Ligand code: GLP
């Protein structure tokens, strides 16, 4: 696992965008694993800027997002389908049908999860998986104390996750209790992984994931055993690392 600590959010985002663009330049038909959440908003804005200036094309790429809330259709303003469409897909040149998210609105979400896992396999697996991290160490919606070898499935969200995500919902709405998420084993199958974490509120999760034991208590810690994982942090997200000198400023 490589750790890169950048001085601020903008330079951390730029480094992830650089890597993604390099990978797409080398393999234009890459299969991208994509994430949602506030951390990803500046990354998608940066990628849209680079697309508009002709520095990257997604025309041959495919994407698979990590997760979707159960019970939310693509038109729901808080759905991850909607987030991805509005923040990214509407502004770049993916071909119609190239973008995939789990079907949270399916009458049988468990079956939809199995079908999604199969569709990732059928696409040849993920070349580059982009990840954020939850304050409790979750990746995708793989919450603490699940299985380290899980596949795409329905997950019940931790109260702390629902609380953290309340900021995306209006006062009279609460986040759903369940989501369909790609599993940890599916993430570990990706040929490369880049986790982006910014801001002080991620520093405990980053410390636990990078310096704690590999444990279901901190799902992101499983990345310690991935053969090609890069963790990109700003100074604030790195601020609780005990062995900070091992991760000198990039
Ligand atoms: C969300 C998503 C994750 C995301 C994480 C952090 O709930 N399911 O994929 O990485 O939590 O989100 P944020 O970047 O908003 O802090």
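Laboratory data are not the source of any read-out in this text; all were calculated from the coordinates shown. Nothing here was measured: the structure is a model prediction, and the numbers come from that model. A quick note on method: Cβ atoms are made from the backbone with ideal geometry, for glycine too, and the neighbour counts reach across all protein chains shown.
Could you list 202, 27 in order of exposure, starting from the residue whose Cβ has the fewest other Cβ atoms within 10 Å? Let's see the in-between values first.
Values: 202 25, 27 13.
In increasing order of surrounding Cβ atoms, one gets 27, 202.
Let a ≥ b ≥ c be the square roots of the eigenvalues of the Cα gyration tensor of the stretch 142-184; is it rounded (a/c under 1.5), or, if not, prolate (a/b larger than b/c) or oblate? Write down the numbers at each step before the final one.
Numbers: a/c = 3.32, a/b = 2.31, b/c = 1.43.
Verdict is prolate for the stretch 142-184.
Write down the percent of antiparallel bridges among all DSSP beta bridges whose residues are both part of the chain, to the nearest 5. Walk me through the numbers on the way to the answer.
Working: 9 of 32 bridges.
Roughly 30 percent of the beta bridges in the chain run antiparallel, per DSSP.
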**OP:** Would you kindly calculate the mean projected area, averaged across all directions, of the convex hull enclosing the Cα atoms of the chain, in square nanometres?
**Re:** 12.3
Original post:
How do the peptides 227-234, 50-57 rank, highest first, by the average count of neighbouring beta carbon atoms within 10 Å per residue?
Top reply: 227-234, 50-57
Subject >> Computed [θ] at 222 nm, helices only, for the chain once each DSSP H run of length n ≥ 4 contributes -39500 (n - 2.57) >> reply: -9000 deg cm²/dmol
Original post:
For the stretch 84-104 and the stretch 1-38, what is the separation of their C-alpha centers, rounded to whole Å?
Top reply: 18
Subject >> In Å, descending, principal axis extents of the Cα set of the stretch 145-226 >> reply: 42, 30, 22
